[in-house]
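Report on the following structure.
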Amino acid sequence: MCRLIAYMGHPVLLHDILVKPTNSLICQSMHAQEAEHPLNGDGFGLGWYDHSIDNIPGLFKSTQPAWNNLNLVNLTGKIKSKLFFAHVRAASQGGVANDNCHPFMFKNLLFMHNGTIHGFQKIKRPIRRLLDDDIYEWVKGQTDSEHFFALFVHTLRENNLTTDTIDDFYKNLILTIERLRALLKEHNADPLAYLNIALSDGMRTLVCRYVTEPSATARTLHYAVGDKFIFEHDAGHMYPVQSKPGAVVISSEKLTDYNFEWHVVAQNYCVSVDSDLTTTLHNMNNCLN
């Protein structure tokens, strides 16, 4: 059920992370190793920042399977970025359509999601009623993911928060999940929601592994921190940190066979990566009861 990758650090060729590794995102689109269903062929998307141009991310989406799109391979071989998102989709809410592919973009924000909000159909209309006109008009697809992102943007605005500090960014994610849970309860909807979520404003990134019900197991998530991630000798490798981190990769699945380089994100934890690549784990249970 969907696979995602987020990268922050030294500029890298997208191809070296999304295509070349042993368990690359393209491999995961065909043969996901840590998902209930191995195929993620209902579309893909890339979002990347180039601050030498502006703070608005580039976006490329397609409903084709990632393993069968030559444009994807060609583009990733020609784009370098300090911060990018990539996603392969297995449709659960919403059909196979370009508007339903991740990542989603609102101004300078990028968002992607792995999981399902089971009670979404009961709260879809209530979510839309909350939104300001510009956010309402921005929503084009049918997915629970895009509507959660719209709720995140609404909550950010409603509480006069920004993403300029990692603390406010994280606080708004917590407030959005609280609002989601309250809506599910208010409308007597199924409370189960799998929320592996990635968010970025181009300077800092949040990726969480969260599920609303303690009896359920959240979707998989891993991270690697090091000096740099490079591809050499037919393998991807994260070099150890020298003085301070130079690269952070967060992925639904480990990209390489170097298990010692990868760390499991515990259930109901969030990984925050600040603009200086300071990486922090947050126990979301301390904020969400």
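Being basic (Lys, Arg) and within 14 Å of Gln142 (Cα to Cα) is the filter; apply it to region 102-126 and report the residue that is surrounded by the most Cβ atoms within 10 Å (Cβ to Cβ).
For region 102-126, the residue satisfying everything is Lys124.
Is it true that some residue in region 199-206 is part of a strand (DSSP E or B), in contact with a Gly (Cβ under 6 Å, 6 or more places away or on another chain) and closer than 27 Å to Tyr7 by Cβ?
The answer is no; no qualifying residue exists.
Could you look through region 165-187, keep only residues that are in contact with a helix residue (DSSP H, G or I) (Cβ under 7 Å, 6 or more places away or on another chain) and farther than 26 Å from Leu4 by Cα, and pick out the one that is surrounded by the most Cβ atoms within 10 Å (Cβ to Cβ)?
Leu183
Any residue that is within 24 Å of Ala182 (Cα to Cα) and under 16 Å from the mean Cα position of the chain (by Cα) - is there at least one of those in region 117-125?
Scanning region 117-125, I find at least one residue that is within 24 Å of Ala182 (Cα to Cα) and under 16 Å from the mean Cα position of the chain (by Cα), so the answer is yes.
So, in region 127-148, exactly how many residues are surrounded by 15 or more Cβ atoms within 10 Å (Cβ to Cβ), part of a helix (DSSP H, G or I) and of a type outside the set (A, V, I, L, M, F, W, C)?
4
From the list Thr162, Thr220, exactly one residue is of a type in the set (Val, Ile, Thr), closer than 24 Å to Val19 by Cβ and part of a loop (DSSP other than H, G, I, E, B). Which is it?
Numbers: Thr162 fails: closer than 24 Å to Val19 by Cβ.
Criteria check complete, one pass: Thr220.
Would you be able to tell me the number of residues in region 173-198 that are more than 16 Å from the chain's Cα centre (by Cα) and either part of a strand (DSSP E or B) or not small (Gly, Ala, Ser) (or both)?
Keep residues of region 173-198 that are more than 16 Å from the chain's Cα centre (by Cα), which gives 175, 178-192.
Filter again for either part of a strand (DSSP E or B) or not small (Gly, Ala, Ser) (or both), leaving 175, 178-181, 183-188, 190-192.
Count: 14.
Tell me the strands (runs of 3 or more DSSP E) entirely within region 13-119 that contain at least 1 residues that are closer than 29 Å to Lys185 by Cα and aromatic (Phe, Trp, Tyr).
Correct list: 104-106, 109-114.
How many residues, within region 276-289, are at pLDDT 95 or above and either closer than 27 Å to Tyr194 by Cα or part of a strand (DSSP E or B) (or both)?
8
Just to be sure before I move on: is Phe60 under 21 Å from Asp164 (Cα atoms), buried (at least 17 other Cβ atoms within 10 Å of the Cβ) and aromatic (Phe, Trp, Tyr) in the structure I sent?
Against the criterion (under 21 Å from Asp164 (Cα atoms), buried (at least 17 other Cβ atoms within 10 Å of the Cβ) and aromatic (Phe, Trp, Tyr)), Phe60 does not qualify.
Looking only at residues in region 223-240 that are without any contact (Cβ under 8 Å) to a residue 12 or more places away in the chain and assigned to a loop (DSSP other than H, G, I, E, B), which one is nearest to Ile17 (Cα to Cα)?
Narrowing region 223-240 to residues without any contact (Cβ under 8 Å) to a residue 12 or more places away in the chain: 232-234.
Right, trim to assigned to a loop (DSSP other than H, G, I, E, B) and you get 233-234.
Numbers: His233: 14, Asp234: 12 Å.
Only one residue tops the list, namely Asp234.
I need every pair where a residue in region 144-166 that is touching a residue at least 40 places away in the same chain (Cβ under 8 Å) and over 19 Å from Pro126 (Cα atoms) has its Cβ under 8 Å from the Cβ of a residue that is of a type in the set (Asp, Glu) and assigned to a loop (DSSP other than H, G, I, E, B), sequence separation at least 6 or different chains.
Listed pairs, sorted by first residue: Thr163/Asp201; Ile166/Asp274.
Considering region 241-267 alone, what residues qualify as being without any contact (Cβ under 8 Å) to a residue 60 or more places away in the chain and either of a type in the set (Asp, Glu) or more than 22 Å from Asp201 (Cβ to Cβ) (or both)?
Restricting attention to region 241-267, the residues satisfying the condition of being without any contact (Cβ under 8 Å) to a residue 60 or more places away in the chain are 241-244, 258-267.
Those that are without any contact (Cβ under 8 Å) to a residue 60 or more places away in the chain and either of a type in the set (Asp, Glu) or more than 22 Å from Asp201 (Cβ to Cβ) (or both): Val241, Gln242, Ser243, Tyr258, Asn259, Phe260, Glu261, Trp262, His263, Val264, Ala266, Gln267.
The values are calculated or read from the model by the stated rules, or taken from the named source; none is laboratory data. What you see is a predicted model, and the numbers here were worked out from it, not measured in a lab. All Cβ positions, glycine included, derive from the backbone under ideal geometry; neighbour counts span all protein chains shown.
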